Amino acid sequence: MSPANKERGEIAGSIGKLDFVLEPTFEKIQKLEAVMGRSLIKLAGEFAEGAGNLSFGEVAQIIHIMAKEPIPTLNMVGDALIKYGFTAGMPAITEFLNNVLTGGAAGNEEAKTEEKENDTA
């Protein structure tokens, strides 16, 4: 598996021995929204309001759908979550959903630039 490319907003994660990279692409976001039955912005906003409101199935779906090649099957993700705990996948999910709201890699770089400019002003 290739490493995560932060400039493209990719996020590396693992659940026990199952390593994955979340790769936000337009096609994958459309598929995720169709499966989840709501927009990714709404999902990310709901998550930001109360981080504990994702179901087991939603966490598994996010990882399965947004994963970069090699894509783990939904059953592989679910089995890993059962074996290593539901929260094992949450660091990558949290970063992914935060990036949705903040603009991901581009938003983070803009924020850093603004902080530097404010510090020198």
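Here the contact order of the stretch 6-115, divided by its residue count and restricted to Cα pairs under 8 Å and six or more residues apart, works out to 36 percent.
Here the convex hull built on the C-alpha positions of the stretch 6-115 has a volume of 101 cubic angstrom per residue. Peptides 8-17, 80-89, ordered by how many other C-beta atoms sit within 10 Å of their residues on average, highest first, read 8-17, 80-89.
Every number in this text was worked out from the coordinates using simple rules, so none of it is lab data. As the structure is a computational prediction, the values presented were derived from the model and not from experiment. Counting neighbours? That spans all protein chains shown, and the Cβs are built from the backbone with ideal geometry, glycine included.
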